[in-house]
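Worksheet: the structure to be examined is printed underneath.
The values are calculated or read from the model by the stated rules, or taken from the named source; none is laboratory data. The structure presented is a predicted model; accordingly, all values stated were derived computationally and were not measured. Cβ coordinates were reconstructed from backbone atoms using ideal geometry, including for glycine residues, and neighbour counts include every protein chain displayed. Each accessible area value is taken on the protein alone, full model and side chains, heavy atoms only, with ligands, DNA and RNA left out. Shrake-Rupley method; radii C 1.70, N 1.55, O 1.52, S 1.80 Å.
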Amino acid sequence: MQAVNPLKKWMWQSALLYGLFLIPTALLMAYAGQTDAMMSRQIGGSWQAHYWVFPGLSSTASRVALDILEALAVAGLGWLFYLGFVGLNQIAIAPADEAAKQRLSRTVFGWSLLCGSLLWAVIPFHSSDLYGYLNRGFQQSVYHTNPYLVTVAGIPGWQNSPVFHDHWVYNPCPYGFFFAKLALWLTQLSDPHFLPAFLLFKGVALLALWATTALIYTAAKQLGHQRPWIPAYLFGANPLILLHVAGNGHNDILLACLLMASLCAALSGRCRWASLPLLTLSILTKYASLLALPFLLIYLLKTRDIKAIALGAGLSLLLAGGLALAYIDPAQRWPWAAMLDNAGKPQHSLVDMLSQSVYYTVKWLHGPSHQWLDAALQVLKPLFWLTFIGVYGWQLIKAIQQPFNRETLVKRIGLVMTVMIALVSAKFHPWYPAMFLPLLVLMPEVSRLRQFGLTLCLFQLAGFTVFQNLPVFSELALTVLPLWLAFSSRSPFKATV
């Protein structure tokens, strides 16, 4: 087991780099006087260069220098993670050596626990979504408004409230009823102060990250993986996941955690009745996990465990109905158009890349015209979705007609969720892989889909830089290139055994 020592060395080196992201937190506490209202007002600018202008450099030049340093730190984290992957694949453990397996598993979980804990107090530096979650909670707990029917901007004097931030103030809540209720509960616990709520939201994301890592390890053992610590490492120690979930506090991890809990319950056989209620909570966090429902139902029906299906379905209906009653008012019109408009805005996706390509080509030939951009989107969006519907229907037919075991359940759900989120959706952000990566790491090492997911995560680390905002080129480099590498057997995560 001497080979585990380099893994521990890389873990501590990663922890050191993650610790650097705490510097803005320390500066904020020093400059804001540690008062809740002042920290709430100052937190949005805590990563700006006016806190730490370098001698002889302007604020703008200091900002550029800090961005370069941040990019180097992220690149270092990606390299250490890859070294850990290679190192894990080189460690040989005898099948009967349970003590060695336990030590190695503890090292893997220790990486996630240590680095995730450091990121708990990090101020979001790449996305402001966490402040949108807080807005949804505070508008319920403090202002007693329905986040689906009343926007934050519709609350008089919201600009002067110390608990609100200027993020998602003009659109209704884009998330499911369970997450809206969770936001209410967490902001009620903070009574009503910004900093405790901020730490509670990030704490829930961190706990969900650790739970998802443990569930991946459990599912890997259920699926018969000989080295279940590798799938756990590929998710729980993944720098893209750690930075976006523990650092930026994204709620995508709740979808993944509840989805994995649902699959583990279905695979266990002892508590299949819990799989449908858990999936219901996942769907009512973010709607993408709805894609898993038909496959889970087919799997449960093929197990012939009718009692578990009936009990699970009954509990799911009670959960969904109880949560919906808190928000649905038959007397008021549901804001479908506003919700769909927010979800369908093209950004950092293949649809966005192709439509921008059309726009810039026409601009180069004839001058700028947004009519061509709109026309391209009107063609590409339906085309991509029709293609996905075909793929989804094909997978459902195969699930019905062919033998459907544990491995194929994970494979089919992972396939449709990856295709929809990473390739079909008009909007794609670097934290979206948190929703489907837990499924991909459970696939065999020879799976091209698994290699694509891992390569995508590695390349998406460049999204922390200004490169993400380069139209067309960023999508080519951060999504298309990983796809080509995976399906041309050039992925850095290709099978090693």
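With all protein chains in place and a 1.4 Å probe, the accessible surface of the range 245-398 carries 70 percent carbon and sulfur. For the chain, the solvent-accessible area works out to 43 Å² per residue, with a probe of 1.4 Å and every protein chain left in place.
When all protein chains stay in place and ligands, DNA and RNA are ignored, the 1.4 Å accessible-area order of V74, V419, largest first, is V419, V74. Relative to the compact-globule estimate of 2.2 N^0.38 Å, the Cα radius of gyration of the range 164-301 comes out at 1.14.
Roughly what % of Cα-Cα distances in the chain sit above 41 Å, to the whole percent? Cα-Cα pairs of the chain separated by over 41 Å account for 20 percent.
With unit charges on the beta carbons (Lys and Arg positive, Asp and Glu negative) and the dipole taken about the Cα centre of the chain, which residue among W120, I216, A37 sits farthest to the positive side? Ranked along the dipole, the leading option is I216. Given a 1.4 Å probe and every protein chain left where it sits, what share in percent of the accessible area of the range 86-159 is carbon and sulfur? Using a 1.4 Å probe with all protein chains present, the range 86-159 comes out at 58 percent carbon and sulfur. A Cβ-based charge dipole, computed about the Cα centre of the range 167-302 with Lys and Arg at +1 and Asp and Glu at -1, lands at about 440 debye. Here the Kirkwood formula puts the hydrodynamic radius of the range 422-497 at 12.6 Å, using every distinct Cα pair.
Among the chymotrypsin sites (Phe, Trp or Tyr not before Pro) in the range 93-143, those placed in a DSSP loop whose Cβ has at most 15 other Cβ atoms within 10 Å are F125. Across the options G414, A26, L478, the greatest Cα extent toward the positive end of the charge dipole of the chain (unit charges at beta carbon of Lys, Arg, Asp, Glu) belongs to G414. Each other residue within a Cβ distance under 12 Å of N135 adds +1 if Lys or Arg and -1 if Asp or Glu, for a net charge of -1.
Across the chain, the longest piece that holds none of the trypsin sites (Lys or Arg not before Pro) lying in DSSP loops with up to 14 other C-beta atoms within 10 Å covers 1-269. Only helices enter this figure: runs of n ≥ 4 DSSP H residues, each worth -39500 (n - 2.57), summed and divided by the residues of the chain, yield -20500 deg cm²/dmol at 222 nm to the nearest 500.
A convex hull fitted to the Cα coordinates of the range 369-497 yields 114 cubic angstrom per residue. Relative contact order for the range 260-415: 23 percent, from Cα pairs under 8 Å spaced at least 6 residues apart, divided by residue count. Using only side-chain charges placed at the Cβ, +1 for Lys and Arg and -1 for Asp and Glu, the dipole size of the range 298-397 relative to its Cα centre rounds to 260 debye.
The smallest convex shape that holds all Cα atoms of the range 44-90, its convex hull, gives 77 Å³ per residue.
In percent, rounded to a whole number, the relative contact order of the chain is 15, using alpha-carbon pairs under 8 Å and six or more apart. The dipole here belongs to the chain: it is taken about the Cα centre, uses +1 on the Cβ of Lys and Arg and -1 on the Cβ of Asp and Glu, and is about 1340 debye.
Per residue, the convex hull spanned by the Cα atoms of the range 251-399 amounts to 144 cubic angstrom. A P(r) calculated from all alpha carbon pairs of the range 138-189, with 5 Å bins opening at zero, reads 4, 21, 33, 28, 12, 2 percent. Each 5 Å bin from zero holds the following percent of Cα-Cα pairs in the range 271-320: 5, 24, 33, 25, 11, 2. Taking every alpha-carbon pair under 8 Å whose residues sit at least 6 apart, the range 386-497 reaches a relative contact order of 23 percent. Take the Cα pairs of the range 1-108, get the Kirkwood Rh, then feed it into Stokes-Einstein at 25 °C and 0.890 mPa s and tell me D in µm²/s. Diffusion coefficient, whole number: 145 µm²/s. Projecting the Cα atoms of Y327, H167, A288 onto the charge dipole of the chain (Cβ charges, centred on the Cα centre) puts A288 farthest toward the positive pole.
Here the peptides 234-244, 203-213 are ranked by packing, the mean other Cβ count within 10 Å, and the order with the highest first is 234-244, 203-213.
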